[in-house]
Amino acid sequence: MVAEINSGQYERDFALSPTGDELFYTLQSPGGKFQTIIHRIKGENGLWSEPQLASFAGHFSDLEPTFAPDGKRLYFVSNRPTSGKEIKDFDIWYVEKADGIWKNPINLGAPINTAADEFYPSITNSGNIYFTAAYNNAVSKEDIFVSTFENGKYNIPVALDSAVNSKLYEFNAFVSPDEDYIIFTSYGRKDDMGRGDLYMSLKDEFGHWQLAKNLQNLNSDKLDYCPFVSFDRSAFYFTSERSNLQSSYTDKAVTLSQLLENYNGAQNGGGDIYWLSFEEVHRQVKK
C-alpha cells in the first residue's frame, strides 16, 4: 500500500506528476455520494506536504485526476455546472498551471463531453484522449473510447475494438503516453476473480490492440481498478477494495478498541491505493 496516503477513508485515483514531485488523488465519502481531489507537493527535503484539498475542488464532486504527459495540464472529472449552481452529469475538465498555480477549471467541451457521463481521462503524447462512457446507443454496458487529436481539435470519439471492449463493463483505462499499452478494469468476464479485475493489452507491430489479459497475479476477489503507471515506467499504482478484516476471533474475543482500530484503518474494505513494480505487471502479458 501507499502508506503516506491510505488513512482508513476511501482513497482512489492516484496521479503522480511527470517530475515526481506533485500528486493528486481522490477522497470519496462513504457510499460514494461525494468525491473531492486531494493535492500534495514534495518539498526540498524529499517529504510530502500534508494533504490539502486541491485549489479547484470542494464545491462539487471531483475525481479521477490525471496529468498530461508534459505536466502542464491536470485533467479530472466533475459534475460541476458549466453555469449556475445546479450539479449536472459528469464531464471531463482540466486546469492549467501558470506561475506554479493551478488556474480555474475549463470544461473540455464537445465532442468529448455530452449529456451522458464521461469518466477517467487518459492523455497521450499525441494529444489523444481515452475515457470511459456509457452511451445510450452503445452495444456494451460501459466502454472505453478514444478521441484523436488532429489539427488542433478532437475528433468524434470511437469505442475501442473487441480486443479491449466486450458486451459487459470496461472502465477506468490508463493508456501509456506512447499508446503502446492500455490497462483497464472489466467486470463480469469469465476469468473475473471478483467485483472487477485489471486487464492489460499491448499493441502489436501494426498498431492494433492485442487481446487483453487478466492481471491475475495482482487482482483479488474485490474491486481492483483505477490503474496508473508513473511516467518513468517504474511503478504501477491501482486502487483496491480488498480487506484484511477477520470474520471471526476463535482464539480470543476481540475488544471494542481493536475493532474500532481495524474498522477505521487501511484495508478495511474501503478503497486503498497500492503499488508494485511496473515491470512485474508488464511481465505478465509479455509471456
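Summary of values
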| read-out | value |
| --- | --- |
| Sites matching chymotrypsin sites (Phe, Trp or Tyr not before Pro) across segment 235-287 that sit in DSSP coil, with at most 12 neighbouring C-beta atoms within 10 Å | 249 |
| Reachable aspartates and glutamates, given that their alpha-carbon falls under 17 Å from the alpha-carbon of residue 252 and they are not under 8 places away in the same chain | 261 |
| Normalised convex hull volume, segment 80-222, alpha-carbon set, Å³ per residue | 155 |
| The chain: most fluctuating residue of 82, 124, 255 per GNM, C-alpha cutoff 10 Å | 255 |
| Restricting segment 1-48 to trypsin sites (Lys or Arg not before Pro) in coil, as DSSP defines it, with at most 16 other Cβ within 10 Å | 33 |
| Computed E for residue 83/residue 248 - FRET, C-beta separation, R0 45 angstrom, nearest 0.05 | 0.25 |
| Spin-label pair residue 279/residue 178, simplified geometry with 7 Å Cα→Cβ offset, distance in nm | 1.6 |
| Estimated [θ] at 222 nm from DSSP helical runs (n ≥ 4, -39500 (n - 2.57)) normalised by residues in the chain, nearest 500 | -1500 deg cm²/dmol |
| Among 68, 173, 115, residue whose mean-square fluctuation peaks in a GNM of the chain (springs only between Cα atoms under 10 Å) | 115 |
| Residue exposure sequence - 247, 147 - by fewest surrounding Cβ within 10 Å | 247, 147 |
| Full-stretch length increase - residue 151, residue 19 - with 0.36 nm per residue and alpha-carbon distance subtracted | 44.7 nm |
| Square roots of 5 times each gyration tensor eigenvalue, C-alpha, segment 10-286, largest first, Å | 29, 24, 20 |
| Listed residues 222, 252, 97, most fluctuating in the chain (Gaussian network, C-alpha, under 10 Å) | 252 |
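Any read-out appearing in this document is the output of simple, stated calculations on the displayed coordinates, not a laboratory observation. Predicted model only: the values in this text are computed from it and were never measured. Don't worry about glycine lacking a Cβ; one is built from the backbone with ideal geometry, like all the others, and counts go over all protein chains shown.
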